[in-house]
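Enquirer: Once you've had a glance at the structure underneath, I'll fire off some questions.
Coordinate-derived values only; no laboratory data. Nothing here was measured: the structure is a model prediction, and the numbers come from that model. Because the Cβ atoms are built from the backbone with ideal geometry, glycine has one as well, and the counts that use them run over all protein chains shown.
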């Protein structure tokens, strides 16, 4: 544990695209800081960060890892996060809890969805940021191009290279500093001048000095640099190579010297209340929760202020419940060490909290501190999930509930129309992990398949029909006759799917039976004649009928209404509708042609184009039936550098050839059920 004052603690997160070298950097930091005696390796399966079996097999991070190490006269608490879009929730949660984003970017492959999403959240939170460009020794590396791309993607003026490779690619043996000193290279001198301007803009006194003399002294520059980093006026870029251990000390020394301390007023994503980071009241944020095989639910807490001690009574300010801490443990990858207390900037874990879940806040005295929800990307991988063995539905639901509590990017719902349990997530790797964990951790065998589309049916013209229900079985019989008209109708809101009208005059049907007719329409519309789908965008009007003073009843009129509705639908030119989704795609410029071509094969339509953070942004629409396998295709087309979000827009008519197949499949399914 730390042996330094709070002002020497640094809390940061390593984030970026998969393959950038975040985990290798994390292992190197632990080794260089003396936290481990032997440097871990992803390839050898000895990484302190990627310690789980599935991570070692894939040689990629799946979960965020909590790590810490001393560094000179201070101590680092940091989180290594996965870069895959499939596990973006782990990264976003960690960014929301830490003081500093260290974005790791590969000098050869550049940026990707993991880079952009991490940057956007940190920018939204006004979190201080630094960038480490890794792999500058590789043959295909291009540091200058990467910096220009980062400036276009991030903040052009604020991004300043503070260390620069002193040799090209394979000849790269060290870095030149642009901070201070004589005999700088031309590249370092240019970065130094850009840094001077950014630092001057962050302080009025330095700005006046800069206007008067055109520069700042090295002492003035270094004095103003920390404030410039904290206020986002400077986003330092560092060159290096984890493989060759080049440029790492410069990065870590800068974090220790100029990075935010827990006592600095770093902005927090609060929806209510405020945190005094120098106060004595303990305040902690639960940013991660896992189901540990041995101890049960384990909650990871970032200390925002005060000191947490074991057996402490606290308030969950998110749900206003009482909570009592058990024993505190310091986390180092898979290893846990019991500790007596944890102070600002530190991360600890505690087991079996009764009333506290992920993204909750625990406090000693304050009761109004609530974090705003993390804005996760909308899931785009959608599957129907079911238990393979009969009788295990409850077991499946319980297991899914526990996994949903750990990963907020997973969503589950029961579709009452298709009678399927739908699970959605960020990618196939994430959902495959769900299947494996169901089998290994919860002992439930599950199957996943493409969900059925919940189609809709409507009418294109006016159609009317009458139906008489008459039954005599001794004693009171059943009698009702309903004349019904259906016509196209568009509600004022999407929720108004149909309308019911009554035009009966002269007492042809007593008023007390009209509600039964309305209920008959409401029930019958749930299974239309084409595909047994819900009928929408119509108006049903009862305009005539007959009754019997003895044999008529509410049930008789409901039955007659069903027959009249089905016959009227057949006369009103029924039409099959499908859900249309609007998509926002982001990808590098070079993939535009392939994406446009693929959209046309999926019945997609481009609505417009834009640019954001150096990426092409394409707005399009596509039928839901074509979206189910689109994420995999987009990833393949863009080599993992494209991503998209989507939302439901409307229902549109299904092309006749496709509608015919859907109707045939529905008819066959009905035959099989009979």
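Enquirer: Using the basic label-point model (7 angstrom from Cα toward the beta carbon), what is the residue 471 to residue 274 distance in nanometres?
Expert: Inter-label distance under the simple model: 7.1 nm.
Enquirer: Once you have a ≥ b ≥ c as the square roots of the Cα gyration tensor eigenvalues for the stretch 578-657, tell me rounded if a/c is under 1.5, and otherwise prolate or oblate according to whether a/b is larger than b/c.
Expert: Prolate shape, in that a/c is at least 1.5 and a/b is the bigger ratio.
Enquirer: The stretch 508-542 to the stretch 396-414: how many Å between their Cα centroids?
Expert: 36
Enquirer: Going by average Cβ density within 10 Å per residue, which order do the peptides 254-261, 605-612 take, highest to lowest?
Expert: The packing order, highest mean first, is 254-261, 605-612.
Enquirer: If you fit an axis through the alpha-carbon atoms of helix 248-258 and take the longest principal axis of the Cα set of the chain, what angle between them do you get, 0 to 90°, nearest 10?
Expert: The helix 248-258 is inclined about 90 degrees to the chain.
Enquirer: Multiply the residue gap between residue 123 and residue 73 by 0.36 nm, knock off their C-alpha separation, and tell me the result in nm, one decimal place.
Expert: Between residue 123 and residue 73, full extension yields an extra 15.0 nm.
Enquirer: Related question: Taking other Cβ within 10 Å of each residue's Cβ, how do 138, 485 sort, fewest first?
Expert: In order of increasing Cβ crowding within 10 Å: 138, 485.
Enquirer: Highest mean first, what order results for 571-577, 210-216, 65-71 on Cβ atoms within 10 Å?
Expert: Packing order, densest peptide first, comes out as 65-71, 571-577, 210-216.
Enquirer: Would you please report the Å³ per residue occupied by the convex hull of the alpha carbon atoms in the stretch 274-371?
Expert: 83
Enquirer: Only counting other Cβ atoms within 10 Å, I'd like 31, 294, 565 sorted with the fewest neighbours first.
Expert: The fewest-first ordering by Cβ neighbours comes to 294, 31, 565.
Enquirer: Something else now. Full extension from residue 334 to residue 645: what is 0.36 nm times the residue separation minus their Cα-Cα distance, to one decimal in nm?
Expert: Answer, rounded to one decimal: 108.6 nm.
Enquirer: Based on other C-beta atoms within 10 Å, arrange 115, 418, 380 from fewest to most.
Expert: 418, 380, 115
Enquirer: On to the next question. Sort the stretch 161-287 into rounded, prolate or oblate with this rule: let a ≥ b ≥ c be the square roots of the eigenvalues of the Cα gyration tensor; rounded if a/c is under 1.5, and if a/c is not under 1.5, prolate when a/b is larger than b/c, oblate otherwise.
Expert: It is oblate, given that a/c is not under 1.5 and a/b is not larger than b/c.
Enquirer: For a paramagnetic label modelled at 7 Å from the Cα of residue 157 toward its Cβ, which residues of the stretch 231-263 fall within the zone defined by backbone nitrogen distances under 14 Å?
Expert: Output list for this probe position: 232-235.
Enquirer: If you don't mind, another one. As a check on your grasp of the helix formula, calculate [θ] at 222 nm for the chain: sum -39500 (n - 2.57) over DSSP H runs of n ≥ 4, divide by the residue count, round to the nearest 500.
Expert: -9000 deg cm²/dmol
Enquirer: Subtract the Cα-Cα distance of residue 322 and residue 352 from 0.36 nm times their separation in residues, and report this length gain in nm to one decimal.
Expert: Extra length available between residue 322 and residue 352 comes to 9.4 nm.
Enquirer: Could you rank the peptides 319-331, 580-592 by their average count of other C-beta atoms within 10 Å per residue, with the highest value first?
Expert: 580-592, 319-331
Enquirer: What FRET efficiency, computed as 1/(1 + (r/R0)^6) with R0 = 35 Å and r the Cβ-Cβ distance, is obtained for residue 672 and residue 633, rounded to the nearest 0.05?
Expert: Efficiency, from the Cβ-Cβ distance: 0.65.
Enquirer: Also, quick follow-up: Using the alpha-carbon atoms, what tilt in degrees (0 to 90, nearest 10) does helix 204-213 show relative to the longest principal axis of the chain?
Expert: It works out to around 60 degrees.
Enquirer: Calculate how steeply helix 143-153 sits against the longest principal axis of the alpha-carbon atoms of the chain, using the helix alpha-carbon long axis, and give the answer as 0 to 90 degrees to the nearest 10.
Expert: 50
Enquirer: Please work out whether the stretch 381-449 counts as rounded, prolate or oblate from its C-alpha gyration tensor, where a ≥ b ≥ c are the square roots of the eigenvalues and a/c under 1.5 means rounded, while otherwise a/b larger than b/c means prolate and anything else oblate?
Expert: Note, shape of the stretch 381-449 comes out rounded.
Enquirer: Given (i) 40.2; (ii) 35.2; (iii) 37.7, which label gives mean projected area of the Cα convex hull in nm² as computed from the coordinates?
Expert: From the options (i) 40.2; (ii) 35.2; (iii) 37.7, the structure gives (iii).
Enquirer: Using the beta-carbon distance between residue 43 and residue 404 and R0 = 35 Å, what value does 1/(1 + (r/R0)^6) give for FRET efficiency, to the nearest 0.05?
Expert: 0.60
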